[in-house]
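Student: Sending over a structure as structure tokens; questions will come in a sec.
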Amino acid sequence: MVKVREDHPIDPDGSVNLDRWLTRIQKDGNVRDVNVLLRACEVSREAQDKMPAREDLWAENTPGSFITGLEMAEILADLRLDQDALVAAVLYRGVREKKLSIRRVRDEFGDPVAKLVSGVLQMAAIGNIIHPTPDSVLGQSEGQLDNVRKMLVTMIEDVRVALIKLAERTCAIRAVKNSDRKRRYRVAREVFDVYAPLAHRLGIGHIKWELEDLSFRYLQPNAYKQIAQLLDEKRLDRQQYINDVLATLRGELEKAGIEGELMGRAKHIYSIWRKMQRKQIDFHQVYDVRAVRILVPEPRDCYAVLGIVHSLWKNIPHEFDDYIASPKKNGYRSLHTAVFGPSGKVLEVQIRTFQMHDDAELGVCAHWLYKGTDTSSKSDSYENKIAWLRQVLEWQDDIGNASELVDQLKGDIEHDRIYAFTPDGHVVDLGAGATPLDFAYRVHTEVGHRCRGAKINGRIVPLTTKVKTGDQVEILTTKSGGPSRDWMNPNLGFVTSSRARAKIRHWFKEQARDQNLVAGRHIAERELKRLALTDISYEALAERLHFNHAEDLYVALGAGDLRISQLIGAAQRSPEGHPIDDQLALDFAASGRERRRKADEVTICGVGNLLTTIAACCKPMPGDDIVGYITQGRGVSIHRQDCLNALQLEDLEHERMIEVSWGEGEGSHYTVDIRIDAYDRHGLLRDIMVVTANEKVNVLAVNTRTDKTQSTAGLLITLEIARLEDLGRLMDKISQLPNIIDVHRQLPGH
């Protein structure tokens, strides 16, 4: 029998006491008729007892559909959701596991509950985005795209659908603790990529933190354990320190006549790791490991408390954020400050009102908590939080590519945001690394299409310039015209946001097939020719990319549905579609130069000098976390630690897995010649060398020849390249320099 979670009321026989469970749910949830919820629980339990769980959905050591339904309802009750949502949560797993029919749900509990359950079932389309099928080169079928659109429409019509799915995925990642590593990884990958960002977008803080921490635990187990141990080592000392700080603050608030609630705030493991990675700092430099939170009635009290905190302890420069005056994109409001607290130890203090706290923890769910009151800010907050769903639906209709939905969901959670201004003073919210073109498409699609230049702070700048917070950006447009195909080339850096890429791709998709065919043929021939990949059958290439004919490949490339990197990747594969044994053999062996492997590229810990092979399934690069698998006759195969094949091998043949690490070498490199033709000018060679230095490409030799009569220069440069993609990116960057005529790879004897 599955062990029930400890927070369920349990009878002596081990079963759940539904009467006690319902009493507790009524305190938190919005239950109109407790008998309806009780009936849902009984139906769910009866269905589970009659039919065992399907093996492909749940392992034997995970909760059944009945227990999962109760746990989902508890999560939603904490979020103050209404009775229909709680009933749908209790029944959902039974319907998904085909123990209950949607017709029975509709007959016994009404159409609103049935619609909620159906909507949550449709959200399974997200899983196909994370783990796509090979139906097409884009990893999606038309049916899948249709499911994604239906899912988005359902979420917009009733946001409770998304909340029920969040509760279900929270239960799922809690339950995989005792599952095999492959299952844990798949669930964690989906939760981390989609559902944690979804909780962030909807403003549900405590769900977001739990999903991030649990998924981080399975995706990066070593980093998780390291930080958890560092936190445990100082937990008691830190708790005593926080208690002393809270006592001091309570006394000061009483003196000032401010009523407030104070608490220590636990720092989540993933947020610590993310801050360490983003700022390149050590654990002891994370300022908010020691943290307190102060809740007060009114916004003016927040600033009064801030003054008290800064009068007690010296604040740390550049560590203050006023999210009350400038809320985050998802509506989050609070004051954050870091100070040198007692004994000179760094302390973070968060100050917010009770209402702001409910918004931060409940997000859109605060709409139900405050529904019926005259607090108009709550309804505004609710509308702001689901507005992005409508934007995603519009974006989805334009792009028709479900695979980039993840990027849209994670738009403002992965990186710091940038806030730039229009000439009229309006604020435009952008992702880190955004360019003027990203800015233009953020303002309006047509502004992006007709953009021909930009000014930042009054000065004309290239369209690849990075926008900074506080910049005033002016877009220079023409009356007509469209985007350039170069904007879709990621190597050139014109756009960085999924939204801008989607709009550009949609514009080209709208063009006539003949135009896209001609443009796509030109792109394919140009790219493969300059990489010296000339002995390629385009019909065979189209077949590898799942197109019927080469013309279809050209059209997809011209419309932006097929990326250049996908084309090059397919050109490096065998006719059967498998990676060639020696990475990049097809493209570099033709040069007649041998692959140069560093002797200390991979260090085999505790074993000595063994033959090593880079696994083709995950292709780890220096810097990746890796693990070794002892093969039969091929030495040690090197995999990424999060490789699904490696995780499966560890479960099946644990004794053949060994610890490996990268040595001091720089990995495998290939020598390759490139030919550059240009109109001669002062500083030409210097500019080319700057590009190679910025791309971290080693130059082995340079041969230049100048034709004074034609004022042209020819340069033959020998480089060390790790990957073919790196060579393509380098040549793209060089081709953008002034006076460059042509850049291509040159084979020996040509």
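Student: Filter the stretch 66-97 for residues that are touching a Cys at 6+ places or on another chain (Cβ under 8 Å), in a helix (DSSP H, G or I) and not aromatic (Phe, Trp, Tyr) and give the result.
Tutor: Taking the stretch 66-97 first, the residues touching a Cys at 6+ places or on another chain (Cβ under 8 Å) are 66, 68-72, 75, 79-81, 90.
Of the ones still in play, those that are also in a helix (DSSP H, G or I) are 66, 68-72, 75, 90.
Answer for the stretch 66-97, where residues must be touching a Cys at 6+ places or on another chain (Cβ under 8 Å), in a helix (DSSP H, G or I) and not aromatic (Phe, Trp, Tyr): 68, 69, 70, 71, 72, 75, 90.
Student: Also: When you go through (1) modelled with pLDDT of 90 or more; (2) farther than 18 Å from residue 191 by Cβ; (3) of a type in the set (Ser, Thr, Tyr) one by one for residue 133, which number turns out not to apply?
Tutor: So residue 133 meets the others, but not (1).
Student: Tell me, please, whether a residue that is in contact with a Gly (Cβ under 7 Å, 6 or more places away or on another chain) and at pLDDT 90 or above can be found in the stretch 705-712. Break it down stepwise before answering.
Tutor: Step one: of the stretch 705-712, the residues in contact with a Gly (Cβ under 7 Å, 6 or more places away or on another chain) are 705.
Going one step further and asking which of them are at pLDDT 90 or above, we end up with 705.
Yes: one or more hits.
Student: Kindly list the number of the only condition in (1) farther than 30 Å from residue 627 by Cβ; (2) surrounded by 18 or more Cβ atoms within 10 Å (Cβ to Cβ); (3) among the acidic types (Asp, Glu) that fails for residue 244.
Tutor: Exception for residue 244: condition (2).
Student: Can you tell me which condition residue 310 does not meet? The list is (1) part of a loop (DSSP other than H, G, I, E, B); (2) without any contact (Cβ under 8 Å) to a residue 40 or more places away in the chain, and all the others hold.
Tutor: (1)
Student: Run down 623, 577 and say which single residue is in contact with a helix residue (DSSP H, G or I) (Cβ under 7 Å, 6 or more places away or on another chain), at pLDDT below 80 and outside any helix (DSSP H, G or I).
Tutor: On the way: 623 fails: in contact with a helix residue (DSSP H, G or I) (Cβ under 7 Å, 6 or more places away or on another chain).
The unique qualifying residue is 577.
Student: Being farther than 22 Å from residue 272 by Cα and either in contact with a Phe, Trp or Tyr (Cβ under 6 Å, 6 or more places away or on another chain) or assigned to a strand (DSSP E or B) (or both) is the filter here, so list the residues in the stretch 314-331 that pass it.
Tutor: Result: 314, single match.
Student: Step by step: first the residues of the stretch 627-667, then only those that are within 30 Å of residue 718 (Cβ to Cβ) and in contact with a strand residue (DSSP E or B) (Cβ under 7 Å, 6 or more places away or on another chain), then the one that is modelled with the lowest pLDDT. Which residue is that? Explain how you work it out, then say what you get.
Tutor: Restricting attention to the stretch 627-667, the residues satisfying the condition of being within 30 Å of residue 718 (Cβ to Cβ) are 638, 662-667.
So of that shortlist, the ones also in contact with a strand residue (DSSP E or B) (Cβ under 7 Å, 6 or more places away or on another chain) come out as 638, 662-663.
On the way: 638: 86, 662: 66, 663: 58.
The selected residue is 663.
Student: Continuing with the same structure: Which of the helices (runs of 4 or more DSSP H) found entirely inside the stretch 174-292 contain at least 3 residues meeting this: under 30 Å from residue 308 (Cβ atoms)?
Tutor: Working: elements: 181-190, 196-201, 205-219, 221-233, 235-256, 269-279.
Hits in the stretch 174-292: 205-219, 235-256, 269-279.
Student: Please find, among 459, 417, 442, the residue that is charged (D, E, K, R), within 30 Å of residue 162 (Cα to Cα) and either at pLDDT 80 or above or touching a helix residue (DSSP H, G or I) at 6+ places or on another chain (Cβ under 8 Å) (or both).
Tutor: Numbers: 459 fails: within 30 Å of residue 162 (Cα to Cα); 417 fails: either at pLDDT 80 or above or touching a helix residue (DSSP H, G or I) at 6+ places or on another chain (Cβ under 8 Å) (or both).
Selected residue: 442, the only one of 459, 417, 442 that is charged (D, E, K, R), within 30 Å of residue 162 (Cα to Cα) and either at pLDDT 80 or above or touching a helix residue (DSSP H, G or I) at 6+ places or on another chain (Cβ under 8 Å) (or both).
Student: Something else: Contact list please: Cβ distance under 7 Å, first residue in the stretch 525-549 and surrounded by fewer than 19 Cβ atoms within 10 Å (Cβ to Cβ), second residue polar (S, T, N, Q), pairs at least six apart or on different chains.
Tutor: Matching pairs, first to second residue: 546/136.
Student: So, one more: I'd like the residue in the stretch 338-374 that is part of a strand (DSSP E or B) and touching an Asp or Glu at 6+ places or on another chain (Cβ under 7 Å) and, out of all such residues, is modelled with the highest pLDDT.
Tutor: The extreme case among them is 353.
Student: Is one or more of the residues making up the stretch 507-519 among the aliphatic types (A, V, I, L, M), closer than 30 Å to residue 551 by Cβ, surrounded by 16 or more Cβ atoms within 10 Å (Cβ to Cβ) and over 25 Å from the mean Cα position of the chain (by Cα)?
Tutor: Yes, there is a match, as at least one residue in the stretch 507-519 is among the aliphatic types (A, V, I, L, M), closer than 30 Å to residue 551 by Cβ, surrounded by 16 or more Cβ atoms within 10 Å (Cβ to Cβ) and over 25 Å from the mean Cα position of the chain (by Cα).
Student: Here's a follow-up. How many residues are over 20 Å from residue 50 (Cβ atoms), in contact with a strand residue (DSSP E or B) (Cβ under 8 Å, 6 or more places away or on another chain) and among the hydrophobic types (A, V, I, L, M, F, W, C) when one looks only at the stretch 66-85?
Tutor: Within the stretch 66-85, the subset over 20 Å from residue 50 (Cβ atoms) is 71-85.
If we keep only those that are in contact with a strand residue (DSSP E or B) (Cβ under 8 Å, 6 or more places away or on another chain) as well, we get 80-83.
Now restrict to residues that are among the hydrophobic types (A, V, I, L, M, F, W, C): 81.
Final tally of qualifying residues: 1.
Student: Let me ask something additional. Just the residues that are β-branched (Val, Ile, Thr) and over 25 Å from the mean Cα position of the chain (by Cα), please, taken from the stretch 283-322. Working first, answer last.
Tutor: Start the filter on the stretch 283-322 by keeping residues that are β-branched (Val, Ile, Thr), which leaves 286, 289, 292, 294, 296, 305, 308-309, 316.
Scanning the stretch 283-322 gives 292, 294, 296, 305, 308, 309, 316.
Student: Tell me whether the stretch 258-275 contains one or more residues that are basic (Lys, Arg), in the same structural domain as residue 345 (by TED's automatic domain parsing), modelled with pLDDT of 90 or more and out of contact with any Lys or Arg (no Cβ under 8 Å at 6 or more places or on another chain).
Tutor: Of the residues in the stretch 258-275, the ones basic (Lys, Arg) are 265, 267, 274-275.
Next, from what is left, pick out any that are in the same structural domain as residue 345 (by TED's automatic domain parsing): 265, 267, 274-275.
Those left that are additionally modelled with pLDDT of 90 or more: none.
There is no residue in the stretch 258-275 that is basic (Lys, Arg), in the same structural domain as residue 345 (by TED's automatic domain parsing), modelled with pLDDT of 90 or more and out of contact with any Lys or Arg (no Cβ under 8 Å at 6 or more places or on another chain).
Student: When you go through 305, 286 one by one, which is the residue that is in the same structural domain as residue 347 (by TED's automatic domain parsing), crowded, with 18+ Cβ neighbours inside 10 Å and either at pLDDT 90 or above or not aliphatic (A, V, I, L, M) (or both)? If you could, list the steps in order and put the result at the bottom.
Tutor: On the way: 286 fails: either at pLDDT 90 or above or not aliphatic (A, V, I, L, M) (or both).
None of the other options fit; the residue is 305.
Student: What tally of residues in the stretch 691-719 results from selecting those that are among the hydrophobic types (A, V, I, L, M, F, W, C), touching a Leu at 6+ places or on another chain (Cβ under 9 Å) and farther than 18 Å from residue 746 by Cα? Show your work before the answer.
Tutor: Going through the stretch 691-719, the residues among the hydrophobic types (A, V, I, L, M, F, W, C) turn out to be 691, 693, 697, 699-702, 713, 715-717, 719.
Narrowing the set further to residues that are touching a Leu at 6+ places or on another chain (Cβ under 9 Å) leaves 691, 697, 699-702, 713, 715, 717, 719.
Still in the running and farther than 18 Å from residue 746 by Cα: 691.
Summing the residues that are among the hydrophobic types (A, V, I, L, M, F, W, C), touching a Leu at 6+ places or on another chain (Cβ under 9 Å) and farther than 18 Å from residue 746 by Cα in the stretch 691-719 gives 1.
Student: Here's another thing I want to ask about it. Show the residue pairs meeting these rules: Cβ distance below 7 Å; 6+ apart or different chains; first residue within the stretch 177-191 and within 13 Å of residue 650 (Cβ to Cβ); second residue at pLDDT 85 or above and of a type in the set (Ser, Thr, Tyr).
Tutor: That search, which allows pairs on different chains as well, returns 184/218; 185/218.
Student: Looking at the stretch 491-498, is at least one residue at pLDDT below 80, crowded, with 20+ Cβ neighbours inside 10 Å and outside the structural domain of residue 732 (by TED's automatic domain parsing)?
Tutor: The initial filter retains those residues of the stretch 491-498 that are at pLDDT below 80, namely 491, 498.
If we keep only those that are crowded, with 20+ Cβ neighbours inside 10 Å too, we end up with 498.
Within this subset, residues satisfying the condition of being outside the structural domain of residue 732 (by TED's automatic domain parsing) are 498.
Yes, the conditions are met somewhere in the stretch 491-498.
Student: Please count how many residues of the stretch 193-216 are touching a Phe, Trp or Tyr at 6+ places or on another chain (Cβ under 7 Å) and either of a type in the set (Phe, Trp, Tyr) or surrounded by fewer than 21 Cβ atoms within 10 Å (Cβ to Cβ) (or both).
Tutor: So the count comes out to 2.
Student: Let me ask something else about it. Any residue that is without any contact (Cβ under 8 Å) to a residue 24 or more places away in the chain and over 32 Å from the mean Cα position of the chain (by Cα) - is there at least one of those in the stretch 323-338?
Tutor: no
The values are calculated or read from the model by the stated rules, or taken from the named source; none is laboratory data. In this text the structure is predicted, and so the values were computed from the model without any measurement. Glycine gets a Cβ as well: all are built from the backbone with ideal geometry, and neighbour counts include every protein chain shown.
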